[in-house]
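Notes to accompany the following structure.
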Amino acid sequence: MNPNSVREFLCENWSDGSSKLHDLERFLDFVDGFLTNEKTYFEEEAHPDLELEFLPLFAATFPPILHSSFIISVSILLEQEMRGFTKLLLLAIGSELRYGDFSGSVLERFRTVATKLASLPFDEVIVPWEDIVAVFEIRNCLVHANGSLAEFTRSATIIGFVDRHQMPSVDAEVLRVDILTSRRVLAVASTFLDGIYRVALNRFPKT
C-alpha cells in the first residue's frame, strides 16, 4: 500500500475514533447531569417517604449500573478501533497474514502486529499499556464477577490501576465505579488512541 494512502486511512480512522470518543464524553455529561438531578429530586422535592425508601436504593444501584455500562461501551469502542488499526497495519506493511490468522484477544492481536510485525515504537508514556489492559480487566470483572475482586482471577491488574489512579473505589473487595472512574477510563482511551495514531503516522511519513 502506498505510504500516502496509509496516512490517509490512518487520519480518517483517527478522526472517526476521536469523534466517537467525543460522543461518549457528551453522553457521560448527560448521564452525570441526569443522575445529579435525580438525586436532587429525591433529597429536596420528593415526598419524605419516597426519599427514605428510594434514595438509598437509587444511590446504591442505578449510578453503578450506568457507569458500568459506560465503561463497557468504551471497551467496545477500543476493541473496534484496535481491530481496524491492526487490519490497516497488515495492509500497510504488505503482510500476507490476515487478522484471523492471529490468536488471542483483540488487544493481544493488536500488540503482536503493531510491535512485532510493524515495529511501531510504543512508549509507555505515549501508549499506556498497563492502563489499557486494566480497563479491559475492569470491564471483565464488572461483567463476569459483578465487580468482585475476590472472584476475579486477574484482580492484580485492577488493583494496580487503583493504586495508580486512586479509583475506582473498592468496598469489601467489590469495585464501586462512579463518574470519576468513567471519566478516567475515557481519558485513558483517548490517550491510547492519540498515541497509537501519532506513532503510526511517524512510521509512515509522506512520500
What percent do you get for the relative contact order of the chain when only Cα pairs under 8 Å and 6+ apart count?
32
Hits among lysines - C-alpha to C-alpha of LYS206 under 22 Å, sequence gap 8 or more where chains match:
LYS87
For the chain, fraction of C-alpha pairs farther apart than 23 Å, in %:
52
Two-site FRET efficiency, SER169 against HIS22, from Cβ-Cβ distance with R₀ of 22 Å, rounded to 0.05
0.20
Where is the GNM fluctuation largest for the chain (alpha-carbon springs, 10 angstrom cutoff): SER119, SER148, SER68?
SER119
Tilt relative to the chain, helix 129-144 - C-alpha long axis, 0 to 90 degrees, to 10
50
Please work out whether the stretch 97-144 counts as rounded, prolate or oblate from its C-alpha gyration tensor, where a ≥ b ≥ c are the square roots of the eigenvalues and a/c under 1.5 means rounded, while otherwise a/b larger than b/c means prolate and anything else oblate?
oblate
Sort the stretch 96-177 into rounded, prolate or oblate with this rule: let a ≥ b ≥ c be the square roots of the eigenvalues of the Cα gyration tensor; rounded if a/c is under 1.5, and if a/c is not under 1.5, prolate when a/b is larger than b/c, oblate otherwise.
oblate
How far is helix 3-40 tilted, in degrees, relative to the longest principal axis of the Cα atoms in the chain, given as a value from 0 to 90 rounded to the nearest 10?
0
For the chain, what is the mean residue ellipticity at 222 nm derived from helices alone (per DSSP H run of n ≥ 4: -39500 (n - 2.57); sum divided by total residues; nearest 500 deg cm²/dmol)?
-24000 deg cm²/dmol
Using alpha-carbon coordinates, inclination of helix 179-203 to the longest axis of the chain, degrees
10
How high is the relative contact order of the stretch 105-203, in percent, counting Cα pairs under 8 Å that sit 6 or more residues apart?
31
How do TRP129, TRP14 line up, fewest other C-beta atoms within 10 Å first?
TRP129, TRP14
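Every read-out reported here was derived from the displayed coordinates using simple, explicitly stated rules and does not represent laboratory data. The shown structure was predicted, so the numbers you read here are calculated from the model rather than taken from an experiment. We place every Cβ from the backbone using ideal geometry, glycine too, and count neighbours over all the protein chains shown.
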